[in-house]
Amino acid sequence: MSKIHLWKQRGFYGLTDMAGNLIWQMVGLYLLFYYTTVLDISAAFVGTLFLVVRFIDAFDGMFFGFLIDHTHSKYGKARPYFLWFGIPLGVLAFLLFCNPSFGGNKVFQMVWISIIYTAFSLVYSGANTPITAILPSLTKDPDERANLASARMVLTNTGTAVIGAITIPMVHFLGANNNKVGFLIWGAIVGVVIAVSFVLAFANLKELPIEVEDAQDQKQELQEHLSVGKSFKYAFKNKPWVVLTISFIAIQTFWVVRLGSGVFFIDYIVKRPDIVGYFLGMTIFAVPGNLAVPFLSKRYKNRNVMDGSLIVFIIGSLFMLVGEQIDSVALLFVGNGISMMAMGAVFTLTFIMIADTVEYARTELHIEEPGFLSSVPVVGAKIGMGFGGALSGWILTWGGFASTAKVQTEKALQAININFVWLPIVLAFVIIFIMAFYRLNEKEAVVDDTVDDTDDDEIDESMV
């Protein structure tokens, strides 16, 4: 494969996740603000809506993964979903910020936003799940999988940083200080970018045919078209996948806790609200971490690179603690930059390792279910959002945090510190412990210490 083709494939693959994260970032940062301040919808209703939809769609990634595994078309298994769901996602990105007034009837308006937000969340999963599912089918080379995952995260973090930085200025510019009009036009522009990006990815990415190359493996047919029950059964026989799934949920949980508590940390602990935008906009520092992974993965096992990245994250967090104690804003930024670079590597590695577990399922378990196994990021993200949001709220409540108080109590400040620094550190150590049970040799797609020779119809309980 020529270098031009490799770079073209990396670019269009990265474009898919960048497109999805444009709207995900807008929703995460601005949708609550838009609903409550622009549309004047009750914050209690909006919060309830977000929670209810999390229950509705928590496991829809597995559903779409199951559909991908049972899809057969001339375009492949995962690739058609870029077309089928990418265009609707672009439309829904626009509709999220296109809300009729219904003659001032708030009930009708709340029904409308409930339908659109629920549809968006479901369609987002349909467009996002194939991004990970297609990776093992784009190349058989584990080093190139690392390059593809790195390109994906570089473009994702670049798009995320841009959308976070320019959305409000663009809303003011496009709406001439009418936020409702500004969000409407900006939503339409973002929607078009999303739809076009997915169409371009569909047109330029190709799935490789799945072949069983080893002569001995040819005696055992690759199993496809599995039922839901068998999909779960064989997923749990895939021990590296089980370990990675648990780890990813923990990663998403601590990341949501940290992101959601950042503004509290700067406002109430550091007491510098003027630097909130700069501090929280340091997502772009994840890019060097994304770029470092392909080089590190060539030299070390992915598990070891993951552990090292989490240790670097912990070091960055400790830098911030010292910066807080000695009142050094510079040290806070240095520590946050180190942590963001580490997390860039962590998330890139996660997508590579998921692809490795899919390859292991093919070569060792003789199972072809890339969609179901690759649903981990979507499921983990949504479960992590639920756990992370709940933990943050419970800890703040334990601390007695009151948004209306001019001065927070010592216990409330302690709760904010736990959310932003200590809980992520503890969970990072937990993930390192969990990853000790991940023994997949990705270079050979085999588990180093054990070979599962159990009968295909029986689940080895030690692997669950």
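The values are calculated or read from the model by the stated rules, or taken from the named source; none is laboratory data. For clarity, every value in this text was computed on a predicted model and none was experimentally measured. Positions of Cβ are generated from backbone atoms using ideal geometry, with glycine treated the same way; all protein chains shown enter the neighbour counts. Accessible surface areas use protein heavy atoms only, side chains included; no ligands, DNA or RNA. Shrake-Rupley method; radii C 1.70, N 1.55, O 1.52, S 1.80 Å.
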Among THR350, THR397, VAL329, whose Cα projects farthest towards the positive end of the dipole of the chain, with charges put on the beta-carbon of Lys, Arg (+1) and Asp, Glu (-1)?
VAL329
How much accessible area does MET153 have with a 1.4 Å probe, in Å² rounded to the nearest 10?
10 Å²
Simple label model, 7 Å out from Cα along Cβ direction - TRP422 to THR118, nm:
4.0 nm
Distance from the Cα centre of the stretch 288-350 to that of the stretch 119-191, in angstrom?
23 Å
Two pseudo-spin positions, 7 Å from Cα along C-beta at LYS180 and at LYS3, lie apart in nanometres by 5.5 nm
Can you give the accessible area of TRP84 in Å² (nearest 10), computed on protein heavy atoms with a 1.4 Å probe?
130 Å²
How long are the semi-axes of the equivalent ellipsoid of the stretch 3-204, taking √(5λ) for every eigenvalue λ of the Cα gyration tensor, in whole Å from largest down?
32, 19, 13
Stretched fully, the stretch from ASN304 through PHE33 gains (0.36 nm per residue minus C-alpha distance, one decimal, in nm) 93.5 nm
Classify the stretch 50-166 as rounded, prolate or oblate from the Cα gyration tensor: take a ≥ b ≥ c as the square roots of its eigenvalues, call it rounded if a/c is under 1.5, otherwise prolate when a/b beats b/c and oblate if not.
prolate
Given the Cα-Cα distance of PHE437 and SER42 and 0.36 nm per residue of separation, how much length would full extension add, in nm?
137.6 nm
What is the gain in length, in nm to one decimal, between VAL263 and ALA330 on full extension, counting 0.36 nm per residue of separation less the C-alpha to C-alpha distance?
22.4 nm
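Return the inverse of the average 1/r over all pairs of distinct C-alpha atoms in the stretch 229-436, which is the Kirkwood hydrodynamic radius, in Å to one decimal.
18.1 Å
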On the principal axes of its Cα set, how long, how wide and how thick is the chain? Give whole Å, largest value first.
71, 53, 44
Taking 7 Å along the Cα-to-C-beta vector as the label spot, tell me the HIS366-PHE232 distance in nanometres, rounded to one decimal.
2.5 nm
In the stretch 307-377, what is the volume of the convex hull around the alpha carbon atoms, normalised per residue and reported in Å³?
75 Å³
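Between VAL107 and ILE315, how high is the FRET efficiency from 1/(1 + (r/R0)^6) when r is the Cβ-Cβ distance and R₀ = 56 Å? Nearest 0.05.
Step by step, r from the Cβ atoms, then E = 0.60.
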Cut-off under 19 Å on the C-alpha distance; same-chain residues fewer than 8 positions from LYS239 excluded. Which lysines are left, in chain and number order?
LYS230, LYS301, LYS443
For HIS72, the accessible surface traced by a 1.4 Å probe with all protein chains present amounts, in square angstrom to the nearest 10, to 110 Å²
